[in-house]
Amino acid sequence: MSDSLAVGLTCIECGREHALGYRLACEGCGGLLELRYDIATLRARGPAMLDGRGLWRYAPVLPIADRAHRITLGEGQTPLLECPRLARELGVRALALKFEGANPTGTVKDRSSTTAVAAALQFGFRAISVVSSGNAGSSIAAYAARAGLRALVFAYARTAAPKLLHMAATTPDLVLYEGVYDDLITLWDQLVDERWFFDGGASRNAYKHEGKKTLAYEIAEQSGWQVPDVVVAPVAVGETFIATARGFREMAEAGWIARAPRMVAAQAARANAVVCALRAGGAIAPLKIGYTVAEGLAAGDPGRKGAWTLRLLRESAGEAGDADDEAILAMQARLARVEGVWAGPTGVAALAVLARLLEERTLDPAQRFCVIVTETGLKTDAAAPSREARAFDLESLRALVKERLGSMQMGGARRAPQAPHAPGRE
C-alpha cells in the first residue's frame, strides 16, 4: 500500500483537476500543473506520520507511490546552520542558512533529481534528459546512473570544470551546447513533447519540481515547527522558490505551522527578469543575458514558472532583489571567513541579495531570516591560492606564528621554553 497522499493534479490557471499521471500541461487551457494532496489526512495525522531519514521521510507529501521507485543517494536532511556572527554583521535579529551543499552531488538539485528519476521509473521511461547550466546536469546524471536509466545531458559550454567532470563521469551522453540556457530550452521542450525521454527540466514537470518542496518541510521541522519570518530563495526559472512556498502553504493548511513565512526571490543582476517585473508592476519581459558567476541563475526568460513566481510574490506581499557578480563573489568570501561555509556563487547569491535589501531598508532587520544556500563551493571554478612555499627552523616558525597571531594564546599567558625534564626526578 502506498503511503503517498498525492490525489491528483490541478491547473494553476483555470483550476481544472486531473488524475495522477505524466502530464506537463492542463488539458483544458495548457496551464502548468501542481500536485494535490489529501490535506485532511495531513491535518488529522500531523507530523507524527513522518518516518525514516532524509528526503523520503516526507514521502506522504511526495508523488511516488511505489517504494521501489524511490531512488536515493542519501539526499535531504541538510543542515540548518545558525549564523550569529554573520547576523551581527548584517544587523539582523537572527539568520540561519539552509546549506544544500551537503547533498550528495553538492547541490539543491538532488531534491528534484530524486523525484524526477523516481517518476521516470514510475511512468516506465528508460531515459531522462535535462538542459543545464551545470548543477542540474550533474545531479540528474548521478541519479539516473543510480536508477539504471540513460541520462542525456545538455550542458552549458562555460559550465565550471568540476561540474563537467562530474557529468562526464556519470553519463556517457553528455553534450555541450553553445549560447545560454534560453537558446536551447525551447527546442528541447519540443522533443520532450515527442516523448523521446522523461522531462528532467525545471520549466514544466510537476513531479521533478516536487522534490524541492521538502526544503520547506525540513526548515519547519528543524525549527521546531516555528518557521522563520522570512525565507530567501534563489530564482532562475523559479522552481526552488515555487516549491518551497508550496511546502510552507501545505503545512499551514494542514495546521502543522501557524503561518507561512514571507518569501523573497533572489536573482543575479544579469538575469533579473522577475525582479524587474515586480518593481515595474507589469508582466515579465524576457532578457537577453550573458555570463554571470551565478551559473545556476542564468535564465533570462523564466517562462511560465517565472510568471508563477511573480504571481506568488504579488499574492503574498513577497519581495525580490538582485545582486551583481561582484557582490556575489564578495559574499562568497565573507561567508567562508565569517561562518566557515564554502558555497558556490549560485549558492550565495540569495545571501548577497539579502544583504542588499537590508542595506536598502527593504526588509525589517528585527525579523528572523532563513536563506537557502544552494550549492557547495567545491563544484565551482576559482583562482587557486599561491603555491609558493618555504622551509622552517624553530626560530623562523616561531617568528611567523608571532607575526600572524601576535598576542593570541591558548590557555593563558605564554610560557617561556623550559629545560628538558631530567629522567628519574619528580
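With the requirement that a residue be under 16 Å from G148 (Cα atoms) and either charged (D, E, K, R) or surrounded by fewer than 13 Cβ atoms within 10 Å (Cβ to Cβ) (or both), what does segment 170-202 give you?
P172, D173
Show me the helices (runs of 4 or more DSSP H) found entirely inside segment 271-342 where at least 1 residues are among the polar types (S, T, N, Q), crowded, with 23+ Cβ neighbours inside 10 Å and at pLDDT 95 or above. Steps first, answer last, please.
Working: elements: 273-280, 303-315, 325-339.
It comes to 303-315, 325-339.
Can you confirm whether segment 228-238 contains a residue that is touching a Gly at 6+ places or on another chain (Cβ under 8 Å), surrounded by 21 or more Cβ atoms within 10 Å (Cβ to Cβ), assigned to a helix (DSSP H, G or I) and not basic (K, R)?
No, segment 228-238 contains no residue that is touching a Gly at 6+ places or on another chain (Cβ under 8 Å), surrounded by 21 or more Cβ atoms within 10 Å (Cβ to Cβ), assigned to a helix (DSSP H, G or I) and not basic (K, R).
Could you list, ordered by first residue, the pairs with Cβ atoms under 6 Å in which the first is in segment 55-75 and among the basic types (K, R) and the second is part of a helix (DSSP H, G or I), at least 6 apart or interchain?
Listed pairs, sorted by first residue: R70/W56; R70/A118.
Got at least one residue in segment 61-73 being surrounded by 13 or more Cβ atoms within 10 Å (Cβ to Cβ), under 30 Å from A352 (Cβ atoms) and not hydroxyl-bearing (S, T, Y)?
Looking through segment 61-73, at least one residue is surrounded by 13 or more Cβ atoms within 10 Å (Cβ to Cβ), under 30 Å from A352 (Cβ atoms) and not hydroxyl-bearing (S, T, Y).
Can you go through Y58, Y22 and tell me which one is modelled with pLDDT of 95 or more, within 24 Å of D189 (Cβ to Cβ) and aromatic (F, W, Y)? Before the answer, list the steps.
Working: Y58 fails: within 24 Å of D189 (Cβ to Cβ).
On inspection, the qualifying residue turns out to be Y22.
Any idea how many residues of segment 88-98 are surrounded by fewer than 19 Cβ atoms within 10 Å (Cβ to Cβ) and either in contact with a Pro (Cβ under 6 Å, 6 or more places away or on another chain) or touching a residue at least 12 places away in the same chain (Cβ under 8 Å) (or both)? Write out each step before concluding.
First, the residues of segment 88-98 that are surrounded by fewer than 19 Cβ atoms within 10 Å (Cβ to Cβ): 88-91, 93-94.
Narrowing further to those that are either in contact with a Pro (Cβ under 6 Å, 6 or more places away or on another chain) or touching a residue at least 12 places away in the same chain (Cβ under 8 Å) (or both): 89-91, 93-94.
Residues in segment 88-98 being surrounded by fewer than 19 Cβ atoms within 10 Å (Cβ to Cβ) and either in contact with a Pro (Cβ under 6 Å, 6 or more places away or on another chain) or touching a residue at least 12 places away in the same chain (Cβ under 8 Å) (or both): 5 in total.
Could you tell me whether any residue of segment 248-267 is acidic (D, E), buried (at least 24 other Cβ atoms within 10 Å of the Cβ) and within 24 Å of L33 (Cα to Cα)? Spell out how you get there, then give the answer.
Pass one, segment 248-267, residues acidic (D, E): 250, 253.
From the residues that got through so far, the ones that are buried (at least 24 other Cβ atoms within 10 Å of the Cβ) too are none.
No, segment 248-267 contains no residue that is acidic (D, E), buried (at least 24 other Cβ atoms within 10 Å of the Cβ) and within 24 Å of L33 (Cα to Cα).
Among the residues of segment 332-347, how many are without any contact (Cβ under 8 Å) to a residue 24 or more places away in the chain and of a type in the set (K, R)? Walk me through it before giving the result.
Taking segment 332-347 and keeping what is without any contact (Cβ under 8 Å) to a residue 24 or more places away in the chain, we get 333, 337, 340.
Subset that is of a type in the set (K, R): 337.
Final tally of qualifying residues: 1.
Which one of the conditions (1) assigned to a strand (DSSP E or B); (2) surrounded by fewer than 21 Cβ atoms within 10 Å (Cβ to Cβ) does W225 fail to meet, given that it meets all the rest?
The single condition W225 does not satisfy is (1).
Can you tell which of V192, V180, V175 is modelled with pLDDT under 95 and more than 25 Å from G54 (Cα to Cα)?
Numbers: V192 fails: modelled with pLDDT under 95; V175 fails: modelled with pLDDT under 95.
Being modelled with pLDDT under 95 and more than 25 Å from G54 (Cα to Cα) holds for just one of V192, V180, V175, which is V180.
Inside segment 1-37, can you point out the residues that are assigned to a loop (DSSP other than H, G, I, E, B), in contact with a Lys or Arg (Cβ under 7 Å, 6 or more places away or on another chain) and polar (S, T, N, Q)?
None; the set is empty.
If you go through segment 193-214 one residue at a time, do you hit one that is over 23 Å from the mean Cα position of the chain (by Cα), over 21 Å from E375 (Cα atoms) and part of a helix (DSSP H, G or I)?
The initial filter retains those residues of segment 193-214 that are over 23 Å from the mean Cα position of the chain (by Cα), namely 193-197.
Remaining after also requiring over 21 Å from E375 (Cα atoms): 193-197.
Restricting the remaining residues to those that are part of a helix (DSSP H, G or I) gives 193.
Within segment 193-214, one or more residues are over 23 Å from the mean Cα position of the chain (by Cα), over 21 Å from E375 (Cα atoms) and part of a helix (DSSP H, G or I).
Among the residues of segment 9-22, which ones are crowded, with 16+ Cβ neighbours inside 10 Å and either in contact with a Phe, Trp or Tyr (Cβ under 9 Å, 6 or more places away or on another chain) or in contact (Cβ under 8 Å) with a residue 24 or more places away in the chain (or both)?
Within segment 9-22, L9, T10, I12, L20, Y22 qualify.
Taking the stated definitions as given, is A271 of a type in the set (A, V, I, L, M, F, W, C) and within 29 Å of A382 (Cβ to Cβ)? Let's see the steps before the verdict.
On the way: of a type in the set (A, V, I, L, M, F, W, C): yes; within 29 Å of A382 (Cβ to Cβ): yes.
Yes: the conditions hold for A271.
The values are calculated or read from the model by the stated rules, or taken from the named source; none is laboratory data. Since this is a predicted model, take the numbers as computed values, not measurements. Note: ideal-geometry Cβ built from the backbone for every residue, glycine included; neighbour counts use all protein chains shown.
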